[in-house]
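The block underneath contains the structure these notes are about, expressed in structure tokens.
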Amino acid sequence: MITTIIFDFDGTIADTMPKVKRILFRYAPSFGYKKINDRDIELLRNMKAQDALKTIGIPIYKLLFFVNKVKKELNKDIESTKPAPGIKSLLSKLKNKGIRLGILSSNLHDSINKFLKKNDLELFDFIYTGTSIFGKHRLLKDLLIKRRLTHKEVIYVGDETRDIEAAQKAKIKVIAVTWGLNKKEILREQEPDYLVDKPEEILNIV
């Protein structure tokens, strides 16, 4: 029985795609990747993170700087970022059902708190943050241990292929959502336990 749902933050709870696009457009010269347009963005959304980074041509030695820059820019004026459509209603209904809610993110704890407070979303029982580019499963495993959660009582919700991979490596079920970074086609290829187009569909799963 599922008693706890762990959510990714950027792209899943927070609608960060508009800011991600602006960052990619703005910083192409700084990081040495080719100038991209809206069509390129849609193509990148249908790739795994590793493949997308190779496609836009970010040199490996600049990868960490690039990731940190994106994180910094996303956190600028975090309070202006809006929740994903329908997510607030979903979280309220899940809370009313007695389900524990958590967040696992590589974003900053303080920024997440600011966002939640601004948008009246202070419904979470815990927020767990840590730095990981391609090792999110380690953070997830660590979270399960620290919160004393069993694999059978937890489900993870995320918007990227790496969220699916992390949950699978941590041996917990995963719900992939199509309103974030990665598109439906590439998410389906990773074989999540569930694939949803709208937040309300999660109510039929737990």
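The values are calculated or read from the model by the stated rules, or taken from the named source; none is laboratory data. Keep in mind it's a predicted model, so treat the numbers as computed, not measured. Neighbour counts run over all protein chains shown; Cβ positions are idealised from the backbone, glycine included.
Of the residues examined, ILE127 is not one that is more than 14 Å from ILE103 (Cα to Cα), touching a His at 6+ places or on another chain (Cβ under 9 Å) and either among the aliphatic types (A, V, I, L, M) or modelled with pLDDT under 95 (or both).
Does region 167-187 contain any residue that is of a type in the set (Ser, Thr, Tyr) and over 17 Å from ALA14 (Cβ atoms)?
Kept after step one, since they are of a type in the set (Ser, Thr, Tyr), are these residues of region 167-187: 178.
Still in the list and also over 17 Å from ALA14 (Cβ atoms): none.
No, every residue in region 167-187 fails to be of a type in the set (Ser, Thr, Tyr) and over 17 Å from ALA14 (Cβ atoms).
The listed residues are ILE164, ILE172, ILE186, and the only one of them that is among the β-branched types (Val, Ile, Thr) and over 22 Å from LEU44 (Cα atoms) turns out to be ILE172.
Just one residue in the set LEU53, LEU91, LEU63 is closer than 14 Å to PHE9 by Cα and among the aliphatic types (A, V, I, L, M); that residue is LEU91.
Scanning region 161-189 for residues that are polar (S, T, N, Q) and without any contact (Cβ under 8 Å) to a residue 60 or more places away in the chain turns up GLN168, THR178. Among the residues of region 66-105 satisfying the criterion of being touching a residue at least 40 places away in the same chain (Cβ under 8 Å) and hydroxyl-bearing (Ser, Thr, Tyr), which is surrounded by the fewest Cβ atoms within 10 Å (Cβ to Cβ)? If we take residues in region 66-105 being touching a residue at least 40 places away in the same chain (Cβ under 8 Å) and hydroxyl-bearing (Ser, Thr, Tyr), then SER89 is surrounded by the fewest Cβ atoms within 10 Å (Cβ to Cβ).
Just one of the listed residues (ILE164, ILE145) is outside the structural domain of ILE41 (by TED's automatic domain parsing), of a type outside the set (Phe, Trp, Tyr) and crowded, with 22+ Cβ neighbours inside 10 Å, and it is ILE164.
Residue by residue through region 108-163, note down the ones that are among the hydroxyl-bearing types (Ser, Thr, Tyr) and under 25 Å from ILE205 (Cβ atoms). Result: TYR128, THR150, TYR156, THR161. Among the residues of region 118-139, those identified as under 19 Å from SER80 (Cβ atoms) and either hydrophobic (A, V, I, L, M, F, W, C) or touching a residue at least 24 places away in the same chain (Cβ under 8 Å) (or both) are LYS118, ASN119, ASP120, LEU121. Within region 126-166, the residues that satisfy the criterion of being in a loop (DSSP other than H, G, I, E, B) and either farther than 11 Å from ASP8 by Cα or in contact with a Ser or Thr (Cβ under 8 Å, 6 or more places away or on another chain) (or both) are GLY130, THR131, SER132, ILE133, PHE134, GLY135, ARG147, ARG148, LEU149, THR150, ASP159.
Among residues of region 33-72 being basic (Lys, Arg) and assigned to a helix (DSSP H, G or I), the one that is nearest to the chain's Cα centre (by Cα) is LYS71.
Looking at LYS21, is it in a loop (DSSP other than H, G, I, E, B), outside the structural domain of VAL174 (by TED's automatic domain parsing), free of Cβ contacts under 8 Å to residues at least 24 places away in the same chain and over 27 Å from ARG138 (Cα atoms)? Spell out the reasoning first.
Numbers: in a loop (DSSP other than H, G, I, E, B): no; outside the structural domain of VAL174 (by TED's automatic domain parsing): yes; free of Cβ contacts under 8 Å to residues at least 24 places away in the same chain: yes; over 27 Å from ARG138 (Cα atoms): yes.
Judged against the criteria, LYS21 is not a match.
One line per residue, one yes/no per condition, for (1) among the aliphatic types (A, V, I, L, M); (2) under 18 Å from the mean Cα position of the chain (by Cα):
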| site | (1), (2) |
| --- | --- |
| ASP120 | no, no |
| LEU123 | yes, yes |
| THR129 | no, yes |
| GLY135 | no, yes |
| LEU139 | yes, yes |
| LEU144 | yes, yes |
| THR150 | no, no |
| GLY158 | no, yes |
| ARG162 | no, yes |
